[in-house]
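A short write-up of the structure that comes next.
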Amino acid sequence: MNLETLNDCQKEAVNITDGPLLVLAGAGSGKTKVLTTKVAYLILEKKVAPNNILAITFTNKAAKEMKNRIIDIVGLIGYKIQISTFHSFGLTILKKHYDKLGLNKNFTILDNEDSNNVIKNILKDMNCEENYRLIKSIISNNKNALIDSNEYSRFVNNEFDEMILDIYSKYEQRLKRNNSVDFDDLLMLPIVLFKKYPNILKEYQEQYKYILIDEYQDTNEAQYLLAKMISSKYKNICVVGDDSQSIYSWRGSNYKNILNFEKDYSNCQIVYLEQNYRSTKTIIEASNELIKNNKYRKDKNLWTENEQGTKIIYHTALNEKDEAYYVVNEINKLINKGVKLNDIAILYRTNAQSQNFEKELVLNNIPYKVIGSVYFYNRKEIKDLLAYLKLIYNPNNDISLTRVINVPRRKIGKLTLDKIKEKSNKLNISLFDAIDSGKELEFKNLIINLQNKKDTMSLSTFISLVLEETGLIKELEEEGTIEAETRIENLKEFKTIAVQFEENYGIINLDDFLNEISLVADTTEYQNNDGITLMTIHSAKGLEFDNVFIVGLEESIFPHLNSFDNQEQLEEERRLCYVAITRAKKNLWLVNAEVRLIYGNKVKNPESRFIKEISPKLLNKDNILKENKISENIDTTIEYKIGEHIYFDNFGEGVIVGIEDKVLTVAFKHPHGIKTLIKGHKKIRKV
């Protein structure tokens with residue numbers, strides 16, 4: 001097998017196949033290439049059977065990319081390798097051993113919204129006004145720390161803890177009654193299974209003799225223990241990661257897992273991947289200078305053979321509006337030089353910072369996309385359809401039933417539903433089983449009828465039938481609004497997803513389809529349509545852009561105010577800044593404001609300490625303060641009317657459906673939909 005495309009350190013990481021191996025891979029150092037080559041090397045050179053290899057990544061997208069790369073090298077036998085996320089792997093274990101965990105074969109997976117709804121209902125039954133998101137977070141964190149409600153009882157010290165224990169217990173009971181698991185259970189329950197049935201653990205230890213884990217710095221306690229249990233016999237475990245890019249402690253990840261790997265495996269070998277293939281020397285030097293201020297880290301130093309590149313531009317604006325004006329003005333300069341929109345990103349610490357940049361981009365009629373806003377599977381109409389499909393597959397799913405029993409409207413009111421819930425609680429049966437009369441019985445018969453048909457046709461045909469029989473499409477058609485048309489298009493797009501699933505996997509059964517959709521782990525999606533990318537730095541991890549603007553670099557914003565009294569949190573903020581800097585390939589801007597309006601008050605924050613930690617020789621201080629001003633591309637004399645047709649360069653012909661102050665709301669044909677444009681912009685022409 002030819003390894004000549006790898007550098008010496010990458011080759012070393014590939015060649016070490018036996019025993020524990022820690023690969024410390026800096027940003028842009030080619031870790032994905034190393035992982036895929038290493039798996040191929042195990043198969044082609046070491047003659048390891050594909051089904052003896054377990055490769056774990058943190059997103060479905062990364063798992064798919066890795067599998068495709070490996071198949072390109074080793075051929076179709078690559079399909080036999082278990083390459084998945086931790087959650088997907090946990091699901092395969094649960095599907096095989098569901099009975100030993102008290103589940104029925106047709107158990108369903110609750111997504112985050114479903115889980116939140118269970119918590120909401122419990123709080124409502126208890127007449128408790130506590131924040132459901134806080135409760136869900138506490139339960140989730142405990143599950144990921146392998147603490148169930150029985151174990152949690154040991155930590156009860158006050159009334160709040162007692163309340164949490166009560167809710168946690170009820171939450172577990174309702175999931176069991178609904179024959180459902182949540183995402184955290186996909187990690188926790190396999191460990192429960194292995195502890196209870198050591199022989200089953202031995203089977204998995206024997207099967208997966210070689211284990212590779214990507215992004216190891218992002219593992220939580222459950223993921224860490226699951227990997228340790230399965231690898232404990234042969235200890236052929238290779239973990240790849242970068243402690244300097246550990247930025248998810250708020251969702252349970254523990255960067256100390258990678259720092260302590262050598263302690264967990266005494267004969268561990270370490271390989272450093274320090275050559276960066278992404279960024280200029282200037283950007284790499286800045287990232288090194290920043291991260292060396294962290295105390296808890298592995299001592300490594302990124303370097304690159306790329307060009308020196310231009311200095312990093314540092315600009316201080318007058319205020320948050322001027323900050324947005326400056327950034328968009330710089331973007332206009334890039335566009336005029338022929339830079340593609342997809343090669344430009346604006347990164348910020350919190351989502352709330354995006355609004356001024358969005359407004360300024362609209363004023364300049366520059367297309368953009370906000371990553372992290374409502375994505376496809378979170379849209380109401382899609383959630384409704386998914387709830388129907390989940391209920392058809394598992395009628396004991398109270399959460400899905402509650403969502404759609406009156407969608408479309410069937411005159412099944414709150415009082416009726418409360419009576420069904422009362423009967424359900426009294427008899428300890430599902431809501432579905434508690435239904436025995438009235439319009440709700442018509443709904444129950446509808447679901448039963450669809451259940452009887454689900455295995456008699458293709459997925460796409462069945463979904464069409466569900467949309468017709470339930471009346472979801474009909475209600476939207478009768479509504480007749482542009483928003484309703486968009487929702488109809490989304491439902492039709494869902495059918496396309498079903499067809500693609502059938503074509504990709506050759507599978508038409510509903511349970512595998514629902515599992516596939518449920519395992520879309522990210523709450524964001526990154527689309528390839530043209531536009532400037534706006535996103536939080538957390539969302540940007542794993543991505544790269546030629547031109548990056550990091551904004552809001554002020555004390556209390558970045559680093560965030562909440563980190564000031566905690567050294568570990570402050571170091572995570574610095575790692576977050578390190579991630580932001582290393583997203584840039586060619587050009588980087590660091591931007592802040594002298595004064596900023598926060599929660600209605602003007603605040604003057606000092607510049608971020610992170611800027612001070614970068615050598616002045618790497619910075620070009622572009623600090624000519626300018627008053628925020630409107631783009632010069634506007635003709636305010638043009639009059640518009642609702643219903644009037646216009647043509648816009650980026651989206652084609654559209655109809656004006658709303659007029660407000662300086663903004664037009666225009667309905668364009670699919671796939672563009674509703675857009676807001678600035679009145680009188682030079683790109684708008686009347687038809």
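The values are calculated or read from the model by the stated rules, or taken from the named source; none is laboratory data. Predicted, not measured: the structure shown is a model, and the values here were computed from it. Positions of Cβ are generated from backbone atoms using ideal geometry, with glycine treated the same way; all protein chains shown enter the neighbour counts. Note: areas computed on protein heavy atoms with side chains; ligands, DNA, RNA excluded. Shrake-Rupley method; radii C 1.70, N 1.55, O 1.52, S 1.80 Å.
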Identify, by number, the condition in (1) under 28 Å from the mean Cα position of the chain (by Cα); (2) in a loop (DSSP other than H, G, I, E, B); (3) hydrophobic (A, V, I, L, M, F, W, C) that I412 doesn't meet. (1)
From the option list L186, L123, single residue qualifying as aliphatic (A, V, I, L, M), closer than 25 Å to F107 by Cβ and touching a Gly at 6+ places or on another chain (Cβ under 8 Å) is L186
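Quick one: how many residues across the range 560-618 are in a loop (DSSP other than H, G, I, E, B) and within 20 Å of T282 (Cα to Cα)?
Looking only at the range 560-618, we keep the residues that are in a loop (DSSP other than H, G, I, E, B), and these are 564-566, 582-583, 594-595, 599-600, 604-606, 608, 613-615.
Next, from what is left, pick out any that are within 20 Å of T282 (Cα to Cα): 582-583, 608, 613-615.
Here the count works out to 6.
When only residues in the range 136-174 that are aromatic (F, W, Y) and within 16 Å of D184 (Cβ to Cβ) count, which is farthest from the chain's Cα centre (by Cα)?
Step one: filter the range 136-174 for residues aromatic (F, W, Y), giving 152, 155, 160, 168, 171.
Still in the running and within 16 Å of D184 (Cβ to Cβ): 152, 168, 171.
Values: Y152: 28, Y168: 25, Y171: 24 Å.
Among them, the one singled out is Y152.
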In this structure, is V339 within 26 Å of K602 (Cα to Cα) and either modelled with pLDDT of 95 or more or open to solvent by 60 Å² or more (accessible area, probe 1.4 Å) (or both)? no
Could you count how many residues in the range 549-559 are part of a strand (DSSP E or B) and more than 14 Å from A286 (Cα to Cα)? 3
Collect the residues in the range 113-157 that are touching a Ser or Thr at 6+ places or on another chain (Cβ under 9 Å), among the polar types (S, T, N, Q) and closer than 22 Å to E422 by Cα, keeping them in residue-number order. S115, N117, N121
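In this structure, is E274 open to solvent by 30 Å² or more (accessible area, probe 1.4 Å) and within 30 Å of K209 (Cα to Cα)?
Numbers: open to solvent by 30 Å² or more (accessible area, probe 1.4 Å): yes; within 30 Å of K209 (Cα to Cα): yes.
Yes, satisfied.
Residues K209, K235: which one is in contact (Cβ under 8 Å) with a residue 40 or more places away in the chain, out of contact with any helix residue (DSSP H, G or I) (no Cβ under 8 Å at 6 or more places or on another chain) and of a type in the set (D, E, K, R)?
Numbers: K209 fails: out of contact with any helix residue (DSSP H, G or I) (no Cβ under 8 Å at 6 or more places or on another chain).
So the residue among K209, K235 that is in contact (Cβ under 8 Å) with a residue 40 or more places away in the chain, out of contact with any helix residue (DSSP H, G or I) (no Cβ under 8 Å at 6 or more places or on another chain) and of a type in the set (D, E, K, R) is K235.
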Exactly one of these conditions fails for E262: (1) touching a residue at least 12 places away in the same chain (Cβ under 8 Å); (2) farther than 22 Å from P20 by Cα. Give me its number. (2)
In the range 631-687, how many are in contact with an Asp or Glu (Cβ under 6 Å, 6 or more places away or on another chain), open to solvent by 70 Å² or more (accessible area, probe 1.4 Å) and at positive phi? 0
Considering every residue within the range 124-146, establish whether at least one is closer than 23 Å to K390 by Cα and polar (S, T, N, Q). yes
For the range 587-599, state whether one or more residues are within 26 Å of the chain's Cα centre (by Cα) and closer than 16 Å to S249 by Cα. no
How many of the residues in the range 10-60 are on the phi > 0 side of the Ramachandran plot and in contact (Cβ under 8 Å) with a residue 24 or more places away in the chain? 3
Within the range 358-383, the residues that are modelled with pLDDT of 85 or more, among the hydrophobic types (A, V, I, L, M, F, W, C) and either under 30 Å from V404 (Cα atoms) or outside any helix (DSSP H, G or I) (or both) are I366, I382
Condition first: assigned to a helix (DSSP H, G or I) and out of contact with any Ser or Thr (no Cβ under 6 Å at 6 or more places or on another chain). Now tell me which residues in the range 423-439 satisfy that. K423, S424, N425, K426, L427, F432, D433, G438, K439
May I ask you to list pairs of residues, at least six apart or on different chains, whose Cβ atoms are under 6 Å apart, with the first in the range 77-91 being among the basic types (K, R) and the second being open to solvent by less than 40 Å² (accessible area, probe 1.4 Å) and in a helix (DSSP H, G or I)? K80/P50
Leading residue by the ranking (modelled with the highest pLDDT) among those in the range 483-494 that are farther than 20 Å from R409 by Cβ and open to solvent by 60 Å² or more (accessible area, probe 1.4 Å): K492
Which condition breaks for G78 when tested against (1) over 20 Å from S231 (Cα atoms); (2) open to solvent by 50 Å² or more (accessible area, probe 1.4 Å)? (2)
Conditions: (1) assigned to a helix (DSSP H, G or I); (2) open to solvent by 70 Å² or more (accessible area, probe 1.4 Å); (3) over 23 Å from D398 (Cβ atoms). E469 meets all but one. Number of the miss? (3)
Suppose we filter the range 435-464 for residues that are open to solvent by 30 Å² or more (accessible area, probe 1.4 Å) and within 30 Å of K669 (Cβ to Cβ); how many remain? 3
Pairs returned, first residue in the range 305-328 that is farther than 12 Å from K586 by Cβ and open to solvent by less than 10 Å² (accessible area, probe 1.4 Å), second residue that is among the hydroxyl-bearing types (S, T, Y) and not in a loop (DSSP other than H, G, I, E, B), beta-carbon separation under 8 angstrom, 6 or more apart or interchain, are H315/Y326; A317/Y325; A317/Y326
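Looking only at the range 26-45, which residues are over 10 Å from M1 (Cα atoms) and not in a loop (DSSP other than H, G, I, E, B)? It would help to see each step written out before you state the result.
Taking the range 26-45 as the starting set, the residues that turn out to be over 10 Å from M1 (Cα atoms) are 26-36, 38-39, 42-43.
Of everything in the range 26-45, those that are over 10 Å from M1 (Cα atoms) and not in a loop (DSSP other than H, G, I, E, B) turn out to be K31, T32, K33, V34, L35, T36, K38, V39, L42, I43.
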Per the filter on the range 51-89, residues in a helix (DSSP H, G or I), within 26 Å of L189 (Cα to Cα) and either more than 28 Å from the chain's Cα centre (by Cα) or hydrophobic (A, V, I, L, M, F, W, C) (or both) are N51, N52, A62, A63, F86, F89
Identify, by number, the condition in (1) within 27 Å of I674 (Cβ to Cβ); (2) part of a helix (DSSP H, G or I) that Q451 doesn't meet. (1)
Kindly indicate whether V603 is of a type in the set (V, I, T), surrounded by 11 or more Cβ atoms within 10 Å (Cβ to Cβ), closer than 30 Å to I291 by Cβ and modelled with pLDDT under 90. yes
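Quick test for you: out of V666, V655, pick the one residue that is in contact with a Gly (Cβ under 8 Å, 6 or more places away or on another chain), part of a strand (DSSP E or B), of a type outside the set (G, A, S) and at pLDDT 90 or above. So that I can check it myself, show each step before the final result.
Values: V666 fails: at pLDDT 90 or above.
Testing whether each residue is in contact with a Gly (Cβ under 8 Å, 6 or more places away or on another chain), part of a strand (DSSP E or B), of a type outside the set (G, A, S) and at pLDDT 90 or above leaves just V655.
Give the range 424-440 a look and list any residue that's closer than 18 Å to L389 by Cα and free of Cβ contacts under 8 Å to residues at least 40 places away in the same chain, or say none.
Within the range 424-440, the first condition is being closer than 18 Å to L389 by Cα, and the residues that meet it are 430-433, 440.
If the condition is that a residue be closer than 18 Å to L389 by Cα and free of Cβ contacts under 8 Å to residues at least 40 places away in the same chain, then L431, D433, E440 are the ones that fit.
Looking only at the range 103-124, filter to residues that are free of Cβ contacts under 8 Å to residues at least 40 places away in the same chain and under 18 Å from K176 (Cα atoms); which one of those is least open to solvent (accessible area, probe 1.4 Å)?
Let us first name the residues in the range 103-124 that are free of Cβ contacts under 8 Å to residues at least 40 places away in the same chain, namely 105, 116, 120, 124.
Checking the rest, the ones that are also under 18 Å from K176 (Cα atoms) come to 105, 116, 120.
Numbers: K105: 152, N116: 27, K120: 85 Å².
The selected residue is N116.
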